[in-house]
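Okay, so here's the structure we're looking at.
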Amino acid sequence: MNIGRNEILVGVAILVVAVLIVVPIFVSGSKSGALDEIRDNVEAIRQAEIQYQEAFGVYVSADAAPRPAHAVNGEAVAWAPSEGFRRLSWAPETEAVVGSYQIQADKTGFKVIGTSDVDGDGQRAIFEATADEPAHQVTGSGIY
């Protein structure tokens, strides 16, 4: 069976179209997965904070970890907890994270803040949670 030049060109064209469809879906999925990581970690920190307060009667503040919020850039970095996260005994499920996490606490409550810039465009997605509010994105959709 001889395959002609036209058949080869049609095959290549189909392959190119398939790649053009699949690659954006994959990239979007990886961005969404990274945002899920930020939201899930903010919620896990919220739960740890609530449990700590129930056990010890105080909330814990934690400086940004593993890096300041302005330093997130889409690259995953090794988790390095600040003192507040050590006190809470909280660490992410993965060894490296794409975001920055901090806790602002006082006698009456706390706010967990997770920041990411998954696509490295300088626009940061911010997630927050409090004792009364589960983790949610406070920046607009489409910001990664």
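The values are calculated or read from the model by the stated rules, or taken from the named source; none is laboratory data. Quick caveat: nothing in here was measured; it's all calculated off a predicted structure. As a convention, Cβ positions derive from the backbone with ideal geometry for all residues, glycine included, and neighbour counts pool all protein chains shown.
One residue stands out in the range 52-106 among those that are of a type in the set (Val, Ile, Thr), more than 14 Å from the chain's Cα centre (by Cα) and in a loop (DSSP other than H, G, I, E, B): the one that is surrounded by the most Cβ atoms within 10 Å (Cβ to Cβ), namely Val60. The number of residues in the range 85-117 that are touching an Asp or Glu at 6+ places or on another chain (Cβ under 9 Å), of a type outside the set (S, T, N, Q) and touching a residue at least 60 places away in the same chain (Cβ under 8 Å) comes to 7.
Contact map, the range 120-141: first residue farther than 16 Å from Ser100 by Cβ and in contact (Cβ under 8 Å) with a residue 60 or more places away in the chain, second residue aromatic (Phe, Trp, Tyr) and part of a loop (DSSP other than H, G, I, E, B), Cβ cut-off under 9 Å, separation 6 or more or different chains; pairs are Ala131/Tyr59. Mind checking which residues of the range 109-137 are among the β-branched types (Val, Ile, Thr) and at pLDDT 95 or above? Scanning the range 109-137 gives Val112, Ile113, Thr115, Ile126, Thr130.
Can you name the residue in the range 107-144 that is of a type in the set (A, V, I, L, M) and assigned to a strand (DSSP E or B) and is also farthest from Glu49 (Cα to Cα) among such residues? Ranking the candidates gives Ala125 first.
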